[in-house]
Each structure stands twice: as C-alpha cells, then as structure tokens.
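A short worksheet on the structure shown next.
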Amino acid sequence: MKYTFTNLFSLLLVFFLIVMPVSAQIKDGSAYKINSVYTGKKSLFIANASFDNNLDIIAWTETNVPAQRWIAEDAGDNTFYFRNAYTEIPISVASNRPKVDDRLIQRMNALNYSKWEFIPVNNPVYPNAYFIRYSIKAVANGADLFVELRSDTDGTNIYLNEKATTADSIRQMWTIVAEDILPNKVSNAFRDSVMQGWKRKYFNALKTSTGFWGEAEMMETILDAYETTGKQEYKTMFEQVYEHFVSYPAGWGQSGNGQDWRWNEYNDDIAWAVLASVRAYLMFGQHPNSNIKYLNIAKTNYDNMYSRAMIPAGMLRWKQSPSGNQGSNSCINGPAEVAACYLAIATGDDTYYDKAKSLYTLQRKHLYEPATGKVFDSGSWDNGVFKVGNYWVSTYNQGTFLGAAVMLYNRYKDVQYLNDANKIVELTRKDLCNTLGVVKVCGSGDDLQGFKGILMRYLRRYIVDLAVPDRVAWMQRNALHAYNNRNADGVIWTAWWEKTSDNYIFSDGYNFANKGFGASTAVSAAFNAPTDANLIIKNAYQTIEAEHFDYIKGVFTEETENGIYISNINNDFYTAYNNVDFGTDVVNGINISVQSSRQAGRQIEIRKDSPKGDLLGIAEVPSANPGEWATATGTITPQTGKQNIYLVYKGSGFKVDNFYFTKEANSVYNPISAIFSLRFNQDNNNLYVYSQNIGVIRIYNIQGTELLSANLVEGENVIDFSNHVAGVFVVNVETKDGISTKKFIKN
C-alpha cells in the first residue's frame, strides 16, 4: 500500500493523540471537573465540602459547585497536583506506603503524596476518557496504582487499585473536563442561584400553603432577598405569597389565615406574621391589592396579641392555653420585641419602643445570661418567682434577642444593648458553630428546621447597623458552605454542614421533600451574608455605587451591560447607606450620577438616620436633556464620623448610578456643627431638637423669615410645628459652643 504524505501525517497525528498523556494538555491554574465514566454524572467531591484534613474524596452527582472543581498545579515530570476549588486542599492518598485499596483523601502539607498523571484510554468506545495514575508505585510489588470507583451510589469512596484488565476497567476511566472556575464568593449571581434552586422546588407549594409561622418566615426570607438586591422578582414573589396568606376562609387547615389572626392561639406565630407585614410596609408601602393594608394588618394583630399574651409579671406567654398559663419563653418575647421596634419606626409611635424595651428588660433578667451571651429557652412563674425550665440555647433565640438588642441600641444608644449584642454573637460563634464557623445545630425537625434563617437575618443587622465588618467572613463562610453542599436540584437542606441528598432524606431519616421552610434557611444565609466586608464602612469621598445600599424602599435594581442602576424611583422611595464615613474633613456637597428626568422639579433629599431624619441637603435632578446621564449636585450640612445616609427620592422618571460627597480643600471639620441634632416627625408635626447645652433656637422659612424662637434646655426639646405649612425650614441653634445651622422638611 502506498502512503501519501497526507496519509502518513494523519496516521502519526492519530497515534500521537492516542499515546500522549493528557497531563501534557492540562494547563497550570485551570479548573477541571473530574467525572466517572462508570457512573456518568458523578464527579469527585470533598465529603460534605469539609475543610477537615485527611477527609475522604467521594463520588457525588454533579451539582456545579466549587467543591466539585479541581485546580491543576504543575508538579513536574508530567504530573499535577489537583487542589479543590473550595477547600484549596489537594487530592492525596491515605497512606505514605501506597497499596491497593488505599482511599483518596484531601491532605494538607503532603505534596509529595499528591501527584497524579493522566493517561488516555486507547479505546474509541470511550472518547476523551483517561486513567489517573498515582505518581508512587505500590510498595509491595512496584505495580502502578490507578484511581477507581467501585459503586454508583452518592458518597462512595474512591480507591487505588492495580490496572484492571477486564471490563471492570471502566471503573478506572475518568473524563477530565475544563471548566470555568466557579465564583467562590457571595455575589448577586450566587444569591440568585441559591434562590432559584429553592424557588423551583418549593415556591408553588408556598403560594397555596395552609401553614402559618413557617410561611411567615419564608416570606421574611423573600423580603431579605428584595432588601439586599432590589430585584423586582422578589417583590412580586412576596406579594403573591402574602395575598394568599391573608386570604379567607381562615384557620387551621383552611386555605388562608385571613387578616385577623386571633383564631391562632400561638402568640409567637402572630409576632412572626406581624414582622413580615410591617417589614413589607416599610419596603413597599402598599400591596397591589388595595384591600391589603400591610401596616393596618401588622398593627392590629400586634396590639391584639400583646394584649392577650401579657402575663401579670410583664412578659408574654407563648400560647394561650392552658387557661391562666404563667409560662413565658424567648420564642415569643424576642420576636415581639423586634416587631415592636419595627412598628415604632413605621408608625412614629414611640410607645412601641416602650413595649420593646420593657419586654427586653424582663427577658434579659429572666432568660438571659449577660456574662456569657446565652439566651435561654423558657421558664415560668411560681408564687411570684420565675424559674428557668429549659436552658437550651438555639439559633432562633440568639437571633431574635440579638435583633432586639441592635434595634434598641439604634434607638436609645444605651451601651448595655451594644454589650449584649456583642456577647450574643460571640457565644453563637463559639458554641453553636464548628471550628470553621459553620453553624452546627438546628438541622432537622418541623420547627428546628427554620431556626438558622432567623439568626442570619439579625446577624446582618448587627454587622450593618453596628459597623462590624470583621463578622462578614463568618457569614459568608456559612452561605458558601451551604451552597457547596446543595443537591443536583439546587436545593440546600438546613443542616448545611452536610451534603444535601438528592433523595431528600436527611442523614437522621427526616424526609424534607416537602419542607420548604427548612430549605429556606440557606436562602436566608445567601442573601443576608454581605457581599463584601469593605462595603460595611463607606468612604464618603469615594464613589459609592447606588446598588450598594443597606436598606431600601420601593426601588428596583436594573442590570445592564454598562452596570447596575437604581430604577422604579417614585416619590418617597429611598436607598439607605449605613456607616458613610466623613472623617474629620469639612463636607460641603454631594454629586449624584443620575439619568435626567423628562420633568422638572425632581429632587433627591439627603437625610440622616432615617427617611424622615435630619435633612442634610437637596440635589436637583437635571431635566434639560431627558434620558441622558448627568450630575445632580447639592450643598450638604457639615458632618463628621460615620453617619447613616438616606437618599430619599422626590418624584419619578429618573435613575441613579452612584454618588460621592465633596469637601473643602485642606480643611478640618468644625465641631460647632455637631452641637445639636434634630428630627422632624411628619405624623405628629413635632420637631425634636437634641442639644448638648442650653441655648437659643431660631427657625426660618426658606425665604429667611424668622418663624419662631425659643430657649433650649440640655437634652431633648420638643417643638410643636403643626401651625406651619409644608416646606423647607432652616434651624439655627446658638449655645456657648457657637452657632450651628441645619435644615428639615415638613411634607
């Protein structure tokens, strides 16, 4: 037979591809998926995505997570190390004297025992298949050892064996597929992936569920998703579920729960549904169904619950029966305290803060250990003496008491609340987590399954409200660990320290196929874990992206190829940015990148601490070139240190991209401007002025006409402003420290 040059070249190429070790094709630093030819869809995985040394490497159904990706690292001599993309620990062997039946493990500080060579399978039936040969031969007989899978069951160990010569050699065949390194970080894309896995499996059932407290908590998790991302999808999801939740007929086993929940004797259930309702009011204002009034429902049901649940000793009973029940526990007092704080914010009625403060004081006295940060479960009064009946510490109670401590500290600035919050978090991290920081409790059962989602929610408030960036990595670790342990459907069971099974049976035998509540806790972890510790404290004089808000109302984020913008802006919607650090320089203005409105008169108010807090300045939205991006500027009242800044939108029809504050060159902040603070309550028309010293206050309208003057006392001063029309007003305060000026708006 005569060979042409082309024929000969083709034969040589085929020969080269058959015999050339794939190691020569692997790229240093690239990520790979290592799948079994025997099982098809099973790939190498770290058992439970754990960081433990000497832990088994197993086969598991592909779930597209970093813990099933391996980063190649050139080890020389045509061999490679393969480090797990999540744990960063390489594949090794369980023995320093390798032999048949040694298990594959992840192993630290043993690179000499972590080298692998990849040899193509010379069989066209199995294209792109390879044998993985260990770099060290068997000690006993010098035979080559190959990676082998012996079962198609999830969780099966991987072993070393001599080269098979029978059909069983398929168990030693692997496909090595290059993959992008999956993002091993908390991001909006990561969060959405977690949400979609939960939503596909459980959301339709939630929209028709007949339950109560678990449903209320799942609604709160959806609110967390909206509050941290601004995605319109999550707002719509909440509205759909809530409309069903308050539908009729109401009662256990009925299609809905109605708007009057007195039929439910569990007072903590009502507190949770109140929380979902009042938070929805603060984020959305109103439901698309005009018959659903979030705030009315929240306030009415809280008031009814509080009245019937109050025990003469001053705490709340968990359940109405048996009659005369004198027991109390943290699972009602904690959420009732947080709900009261939210109602105070929503209504402007400080008596709700009084309720929260009173309940907190008694819970702290009877069910809290200040020295350790332990929140105990329950107890009861016997002849006027309270006895703790259950010293159990749970993620639920640690979470709610933490939330109450943070919100009460926000209101009163009492250092006791701050100290309590710190202790609660320290205890939770130390006692309720493993050494890595992954929560290790509350992993099964009909109530326990939802506890950790509550903890995650209030840990975020703790970090964001109290400026604690050091705790971000801990929260991210839980979110990422949960994600890496998801199943093939994208579902994550609440015991996220353990791989979520594809048959929906937990290791203790619990079937969670229909338990959306338990699966929602990982969703809470994903959305409540901040994306970046560096965003907790924001430099006022550097660009702050508008989508890096901490709290929002009404607006949506709009993602384009050019970036993410704030859209769906309407009157009194806002984005809030905690811990904007002005340092000691003199701030004199703000620049906001906006897409111009078609209508004149659109404004952005810059307020401090709340949407109705001190007015620091106003930026006018340009309207000269509608649709084009421009800069809205405004003059800012001097500030110092870290402040919570609210951009409150007036009008609609424009978008916001980013903002930053400006300062006077070579200047130092003048502390005279800090001699007083003010807050105007739009509901009762009272102006609250907090002065460090006695002095005189004068209030002018925007035209400069003096409207009133009065003497100030040290501390809080209340000025009735009901006789004055709406507008912008200037407040001038003079004390022994000097003269300071601020503005406020009456709507």
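The values are calculated or read from the model by the stated rules, or taken from the named source; none is laboratory data. Here the structure is a predicted model, which means the values were calculated and not measured. When we count neighbours, we look across all protein chains shown, and the Cβ atoms used for this are built from the backbone with ideal geometry, even at glycine. Heavy atoms of the whole protein, side chains included, go into the accessibility calculation; ligands, DNA and RNA do not. Shrake-Rupley method; radii C 1.70, N 1.55, O 1.52, S 1.80 Å.
Summary table
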{"item": "Sites Thr236 and Gln320 - FRET efficiency at Förster radius 30 Å, r taken between beta-carbons, to 0.05", "result": "0.25"}
{"item": "Label zone at Tyr391 (point 7 Å along Cα-to-Cβ), backbone N below 19 Å, the range 328-347", "result": "328-331"}
{"item": "Degrees, to the nearest 10: 232-245 long Cα axis against longest axis of the chain", "result": "70 degrees"}
{"item": "Accessible-area composition of the chain, carbon plus sulfur, in percent [1.4 Å probe]", "result": "48 percent"}
{"item": "Structure-derived Rg/Rh (Cα atoms, Kirkwood Rh) - corresponding label in (1) 1.13; (2) 0.95; (3) 1.06", "result": "(3)"}
{"item": "5 angstrom amide H check on Leu55, placed H, neighbours 5+ away", "result": "Gln106"}
{"item": "Label-point gap, in nm, between Ala488 and Asn53 - each point 7 angstrom along Cα→Cβ", "result": "3.5 nm"}
{"item": "Cα-based helix-to-principal-axis angle, 415-431 vs the chain, degrees rounded to 10", "result": "10 degrees"}
{"item": "Nearest-0.05 FRET efficiency for Arg103 and Asp446, computed from C-beta distance (R0 56 Å)", "result": "0.90"}
{"item": "Computed magnitude of the charge dipole of the range 162-204 (debye, nearest 20; Cβ of K, R +1, Cβ of D, E -1)", "result": "340 debye"}
{"item": "Computed lengthening from Ile739 to Asn122, 0.36 nm per intervening residue step minus Cα-Cα distance", "result": "213.4 nm"}
{"item": "9 Å beta-carbon shell around Gly601, net charge (K/R +1, D/E -1)", "result": "+1"}
{"item": "Solvent exposure of the range 178-260 as accessible area per residue, Å², 1.4 Å probe", "result": "39 Å²"}
{"item": "Accessible area per residue, Å², the range 377-526 with all protein chains present, probe 1.4 Å", "result": "33 Å²"}
{"item": "Global form of the range 381-462, assessed from the alpha-carbon gyration tensor, a/c cut-off 1.5", "result": "oblate"}
{"item": "Relative contact order (percent, whole number), the range 520-581, Cα cutoff 8 Å, 6+ residue spacing", "result": "36 percent"}
{"item": "The chain, relative contact order in percent, only Cα pairs under 8 angstrom and at least six apart counted", "result": "8 percent"}
{"item": "Alpha-carbon spread of the range 348-388, three principal axes, descending order, Å", "result": "36, 28, 14"}
{"item": "Gyration tensor verdict on the range 426-466 (Cα atoms; rounded if a/c is under 1.5, prolate if a/b is larger than b/c, oblate otherwise)", "result": "oblate"}
{"item": "In nm, spacing of pseudo-spin labels at Leu708 and Glu88 (7 Å Cα→C-beta vector)", "result": "6.1 nm"}
{"item": "Long-range Cα-Cα pairs in the range 550-613 (distance over 20 Å), rounded percent", "result": "38 percent"}
{"item": "Segments 158-166, 456-464, 584-592 sorted - mean Cβ within 10 Å per residue, highest first", "result": "456-464, 584-592, 158-166"}
{"item": "Thr208/Asp77 FRET efficiency (R0 45 Å; Cβ-Cβ; nearest 0.05)", "result": "0.15"}
{"item": "Largest to smallest principal axis extent of the C-alpha atoms in the range 88-158, angstrom", "result": "38, 31, 23"}
{"item": "Stretch gain in nm, segment Val725-Asp180, where the contour uses 0.36 nm per residue and the Cα spacing is subtracted", "result": "190.1 nm"}
{"item": "Protection proxy ranking, peptides 423-429, 721-727, 57-63, 519-525, average beta carbon neighbours within 10 Å, highest first", "result": "519-525, 57-63, 423-429, 721-727"}
{"item": "The range 33-102 - accessible surface per residue (Å², probe 1.4 Å)", "result": "34 Å²"}
{"item": "Net dipole in debye of the range 678-747 [+1 Lys, Arg Cβ; -1 Asp, Glu Cβ; about Cα centre; nearest 20]", "result": "200 debye"}
{"item": "Residue-averaged [θ]222 nm for the chain, counting only DSSP H segments that reach four residues, each worth -39500 (n - 2.57)", "result": "-9000 deg cm²/dmol"}
{"item": "Size of charge dipole - the range 378-454 - debye, nearest 20, with Cβ of Lys, Arg +1 and Asp, Glu -1, no other charges", "result": "240 debye"}
{"item": "The range 325-426: C-alpha gyration tensor shape, a/c 1.5 cut-off, then a/b vs b/c", "result": "oblate"}
{"item": "Label-point separation, Glu62 to Trp629 (7 Å along Cα→Cβ), nm", "result": "3.8 nm"}
{"item": "For the range 407-516, alpha-carbon Rg relative to the globular expectation (2.2 N^0.38 Å, N residues)", "result": "1.20"}
{"item": "Cut-off under 5 Å, modelled amide H: who pairs with Thr79 long-range", "result": "none"}
{"item": "³J(HN,Hα), Karplus 6.51/-1.76/1.60, whole Hz, each residue of the range 171-183, x for Gly, Pro", "result": "6, 9, 9, 9, 9, 10, 10, 5, 9, 4, 5, 5, x"}
